[in-house]
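Structure first, then comments.
Throughout, read-outs are computed from the coordinates displayed, never taken from laboratory work. Note that the structure is a prediction, hence the values are computed from the model and not measured. Note: ideal-geometry Cβ built from the backbone for every residue, glycine included; neighbour counts use all protein chains shown.
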Amino acid sequence: MSAYVEPSLEVKKKGLKSRPVIATIILIGGIIGLLLAIGISVSIGAAEIDVRTVWSAVFQYDSTLVPHQIIQETRLPRVIGAALVGSSLAVSGSIMQGMTRNPLADPGLLGLNAGAAFMLAICFAFFPGLPYIYIILFAFVGAALGAGLVFGVGSLAKGGLTPMRLVLAGAAVTALLVALSEGIAIYYRINQDLAFWNAGGVSGARWENIKIMASWVILAILAAIVLSKSITLLSLGEEIAVGLGQKTGVIKLFGTIIILILAGSAVSVVGAVGFVGLVIPHITRFLVGYDYRWIIPCSAVLGGGLVVLADLAARMVNPPQETPIGALIAVIGVPFFLYLTRKGGQPL
Amino acid sequence: MPSLAIDQVKVGYSNLIILDDLSVEIPEQKITTIVGANGCGKSTLLKAIARILKTQKGAVYLDGKAIQLLPTKEVAKKMAILPQSSQVPTGLTVYELISYGRFPYQTGMGTLKVDDLKHIDWAIEATGLNPLKDRPVEALSGGQRQRVWIAMALAQDTEILILDEPTTYLDLAHQLDILLLLQKLNKEQKRTIIMVLHDLNHASRVSHNLVAMRDGAIIEEGTPEQVMTQSNLKAIFDIEATMSTCPFSNNPIYLSYTLSQSTKHMVQNKKSG
């Protein structure tokens with residue numbers, strides 16, 4: 001049996017044991033980077049505020065000082081919101097890619113974001129002044145609606161759901177839902193309310209909303225980490241997972257609920273920001289390997305970092321105007337998407 | 001030793017019934033191979049035994065208990081499954097993939113314990129994968145990859161191994177290599193092996209028990225001597241075969257064959273699968 005192995009292959013004794021080390025470094029480095037980015041993002045803005053003031057505004061808040069107020073009331077919720085949105089989208093993308101083995105799975109591409117945004121339009125049109133605590137629930141339902149439509153349309157076709165077919169169905173459903181949202185916006189004159197959502201900015205973030213959203217997001221990410229081992233197993237293929245004694249139905253159900261909560265939460269704060277859920281999981285997988293116990297926490301950190309930086313860039317590209325954050329991320333996301341589709345959308 | 005019996009099962013996909021009222025017993029500690037034409041339901045039977053497909057009627061009994069009623073993790077400690085054409089996720093090393101075989105024994109976040117590591121090391125040893133264990137699985141050849149999947153099933157430490165066409169896409173030498181490995185596992189460790197094979201001569205050579213199927217029903221079942229006959233091959237595949245004996249196993253093999261009169265017609269109407 002030993003003759004079976006070519007001697008030239010008997011090299012390389014690394015990889016496995018160093019993986020958790022690399023992943024830990026990325027996780028810790030990522031958290032430090034994220035905190036730094038948050039710090040920089042908070043100090044930079046229309047009013048120049050130095051880092052020491054930022055520090056004292058956070059830890060020794062004095063409500064009589066204007067810089068402290070700017071930081072506490074405007075900049076901090078905004079940057080925390082950006083981090084949470086990035087984490088949500090990246091983690092939901094990771095879970096989607098792991099569960100479906102579809103490298104193109106992303107809450108934006110598969111219609112979840114458009115569905116959530118559509119429900120927001122409905123909220124504004126028919127229930128104006130609805131508290132955020134209910135709006136976010138509508139966003140969850142909307143994400144489920146989008147996903148349901150995409151998977152429904154995709155599976156109507158002969159030959160079942162291929163990664164490409166799902167993306168096409170996602171594009172069609174997204175176009176429909178966006179058109180409907182815009183129709184509602186025009187008819188009910190809520191363009192202004194929806195504008196900042198659809199441009200995908202975090203400028204509207206307020207503490208009371210961020211607190212509600214944060215509790216959902218943190219809960220969902222923790223649940224995702226608990227589920228991560230099972231997601232890795234599912235990513236090996238459903239039959240393998242069943243053979244190893246996994247209750248795949250239960251895992252898929254919980255996985256889907258987590259995805260909907262994360263995508264819905266993100267959209268309910270910033271509107272439809274695409275590509276974070278596509279790009280970050282791929283980069284993370286490249287860095288830390290295939291184990292979702294590492295991919296999920298690392299995606300959360302890297303995704304948060306990406307959106308915080310994108311938001312920072314959005315304010316710096318053309319001040320004092322704000323460039324839509326969605327457009328900035330698309331600059332990275334679109335070439336990456338094209339690269340993945342050129343690879344043929346092979347299953348993960 | 002767990003016993004496995006299939007009792008009057010009805011299995012299919014949504015409204016397409018593949019197997020109806022099919023019963024068969026799998027002998028313990030033996031190699032049982034299911035053979036038959038494309039689309040005859042042999043993979044479906046294997047998936048029903050492996051609880052990947054649910055039975056609409058009847059049941060598969062493991063140790064006298066209906067398999068669908070047993071906790072799935074408990075079943076996974078007695079029965080390992082190697083599906084057909086498993087796609088390997090990119091970036092996973094041989095060792096990592098094999099270690100997932102320990103899932104049924106893990107709780108919580110699933111850290112590997114000493115006992116798990118022992119079984120993984122043993123599985124790597126038994127499949128001769130030691131020199132390759134830190135390589136990414138996608139960099140391996142087809143034969144080596146199949147060994148990795150078998151090693152993963154071995155790490156699961158089960159009495160029963162179920163394999164769906166484990167030799168497909170492999171060249172002649174690697175096909176035999178895999179079959180001899182399975183034979184060794186059966187001989188030395190008394191593992192019950194159930195598999196689907198396309199190559200009848202291979203099936204006859206390594207199996208104790210053959211189950212021949214056609215159109216969702218069992219045509220013949222028994223030792224290779226009983227099943228590998230000219231008349232059975234005609235009944236199963238619509239072929240006229242010239243029979244001979246394998247010089248290595250003394251079991252019957254076919255030398256060559258031609259199509260029966262009715263075959264062309266049948267082939268045209270057959271669904272693939």
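Here are the numbers for this structure:
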read-out: For chain B, alpha-carbon Rg relative to the globular expectation (2.2 N^0.38 Å, N residues); value: 1.02
read-out: Rounded D (µm²/s) - the stretch B:51-165, Kirkwood Rh over Cα pairs, Stokes-Einstein at 37 °C, 0.692 mPa s; value: 219 µm²/s
read-out: Between 0 and 90°, nearest 10: helix B:114-126 axis offset from chain B longest Cα axis; value: 40 degrees
read-out: Distance violations [Cα-Cα > 25 Å] among A:Lys247/B:Lys57; A:Lys252/B:Lys133; B:Lys65/B:Lys234; value: A:Lys252/B:Lys133; B:Lys65/B:Lys234
read-out: Net dipole in debye of the protein assembly as shown [+1 Lys, Arg Cβ; -1 Asp, Glu Cβ; about Cα centre; nearest 20]; value: 160 debye
read-out: Paramagnetic reach from A:Glu208 in the stretch A:115-159 [backbone N under 12 Å; point 7 Å along Cα→Cβ]; value: A:129-134
read-out: Gained length - B:Gln261 relative to B:Gln8, 0.36 nm times residue gap less alpha-carbon distance; value: 87.8 nm
read-out: Pairwise FRET efficiency - B:Gln29 versus A:Ala157, Cβ, R0 = 60 Å, nearest 0.05; value: 0.80
read-out: Inter-site label distance for A:Gln69 and B:Ser244 at 7 Å from Cα along Cβ, in nm; value: 9.7 nm
read-out: Point-to-point label distance, A:Val317-B:Trp122, nm (Cα→Cβ direction, 7 Å offset); value: 6.0 nm
read-out: Net charge of neighbours whose Cβ lies under 13 Å from the Cβ of B:Leu163, counting Lys and Arg as +1 and Asp and Glu as -1; value: +1
read-out: The stretch A:77-342 - charge dipole about Cα centre, Lys and Arg +1 at Cβ, Asp and Glu -1, debye rounded to 20; value: 300 debye
read-out: Dipole magnitude of the stretch B:97-216, debye to nearest 20 (Cβ charges: Lys/Arg +1, Asp/Glu -1, about Cα centre); value: 200 debye
read-out: Scattering curve values for chain A, log₁₀ I(q)/I(0), Debye with Cα scatterers, q = 0.07, 0.14 Å⁻¹; value: -0.31, -1.13
read-out: Chain B - share of DSSP beta bridges that are antiparallel (%, nearest 5); value: 60 percent
read-out: C-alpha long axis of helix B:172-189 to longest principal axis of chain B, angle in °; value: 70 degrees
read-out: Crossing angle, helix A:76-100 versus chain A [Cα axis fit, 0-90 degrees, rounded to tens]; value: 20 degrees
read-out: Peptide A:233-240, shielding by other chains (average Cβ, 10 Å cutoff); value: 6
read-out: The protein assembly as shown: antiparallel DSSP beta bridges as a percent of all, rounded to 5; value: 60 percent
read-out: A:Leu338 paired with B:Gln189, simple spin-label distance in nm, labels 7 Å along Cα-to-beta-carbon; value: 5.1 nm
read-out: Mean Cα-pair separation over length for the stretch A:77-342, i.e. relative contact order, pairs under 8 Å, 6 or more apart, %; value: 36 percent
read-out: Förster radius 22 Å - calculated FRET efficiency between A:Leu219 and B:Thr111, Cβ distance, rounded to 0.05; value: 0.40
read-out: Among A:Asn191, A:Val317, A:Phe275 - extreme Cα towards positive end, dipole of the stretch A:77-342, charges at beta-carbon; value: A:Phe275
read-out: The stretch B:151-234: antiparallel DSSP beta bridges as a percent of all, rounded to 5; value: 50 percent
read-out: Peptide-level mean, for B:95-105, of C-beta atoms on other protein chains within 10 Å; value: 4
read-out: Protection proxy ranking of A:276-285, B:141-150 - average other beta-carbon atoms within 10 Å, highest first; value: A:276-285, B:141-150
read-out: Average partner coverage of B:49-55, which counts Cβ from other chains inside 10 Å; value: 2
read-out: Helix-only [θ]222 nm of chain B, DSSP H runs n ≥ 4, -39500 (n - 2.57) each, per residue, nearest 500; value: -9500 deg cm²/dmol
